[in-house]
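The values are calculated or read from the model by the stated rules, or taken from the named source; none is laboratory data. Quantities reported herein were computed from a predicted structural model and do not represent experimental measurements. Glycine also receives a Cβ, built like all others from the backbone with ideal geometry; neighbour counts cover every protein chain displayed. These area figures cover heavy atoms from the full protein model, side chains too; ligands, DNA and RNA do not enter into them. Shrake-Rupley method; radii C 1.70, N 1.55, O 1.52, S 1.80 Å.
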Amino acid sequence: MDTDVEHAVELLSRAGRFLVFTGAGISTASGIPDFRGPEGLWTRLDPDDYTYERHMTDPAFRARTWERHLASPFLGAEPNPGHEAVTRLWDAGLTQGCVTQNVDGLHRRAGLDAEALVELHGDASRIACTACDRVEELEPVRRRWEAGETDPRCLACGGILKPAVVFFGEELPRAALMRASAMAERATGVLVVGSTLSVYPAADIAVSIALRGLPMIIVNRGPTDHDRLAAVLIDGDAAVVLPRLADALVDAAGPRAR
Ligand SMILES: [Zn+2]
């Protein structure tokens, strides 16, 4: 095992549970491009295509939103060994859970429990009602759209539907932020994976843990905005590094792992 992985294991193996914080880099091995717009949140989607105000007021804009969204290449992406490692760490009882900036839904699809997952920017593979907040899977809506509904409405209340991601002009959901903060407060360290920690307020979740003097381990390709706060920096692909790190952490935990 390389020394930086060993050092990471030593720091994260302290009593208590650490937080996993993930960004776009964990999903690149799943074939999802990591392109960045001027708004950091929009690392995957073009803000001009996902403007809340226009979606709510313009049926023609909504029709285009659906056409584009339902054709998004990343809706068919599969989880990779990096996502699976995050699930394994939770199943072993070693983490407080995972806070992600990603909207690809791949942590959920890799079997991570809902109670262990906070998707700060939503999940593009689900559909939400803007009136009653009901969330449903994308496929039934896709079938209705393919059958000719250019402006599918909520089957429960008739409200306007939208992809369950935070649109440009929308605030991050308060409930998600509060759950993420609670996980961070209980954490004894943080493992940052595939994020440059440059998107706020999401990055605050990870940085707040490091600022409490607790170890921050960063696994990322290239530099991040907070490398100097990191106890260990591992420059590499999450899909390669994370499974090794997870194996070593579960081994080190021994009987503590469930
Ligand atoms: Zn509704």
Q: Using a 1.4 angstrom probe on heavy atoms only, work out the carbon and sulfur share of the accessible area of the range 184-250 in %.
A: 52
**Q.** Listed residues SER198, SER125 arranged by accessible area, highest first, probe 1.4 Å
**A.** SER198, SER125
Q: Whole number in Å², please: accessible area per residue of the range 65-123, 1.4 Å probe, ligands, DNA and RNA not counted.
A: 30
Q. Under a 5 Å amide H to amide H cut-off, with H placed in plane at 1.01 Å, what residues pair with THR22 once short-range neighbours are removed?
A. VAL99, THR100, GLN101, VAL193
Q | Inter-probe distance in nm under a simple model that places probes 7 Å from Cα toward Cβ, at MET178 and ASP247 | A | 4.2
Q. In square angstrom, what is the accessible area per residue of the range 163-256 with a 1.4 angstrom probe?
A. 45
Q. How far is it, in nm, from the label point at PHE61 to the one at SER198 when both lie 7 Å from their Cα along the line to the Cβ?
A. 2.8
(Q) Quick check: the distance between the Cα centres of the range 95-127 and the range 128-148, to the nearest angstrom? (A) 19
Q. Heavy-atom accessible area of ASP225 with all protein chains present, probe 1.4 Å, nearest 10 Å²?
A. 100
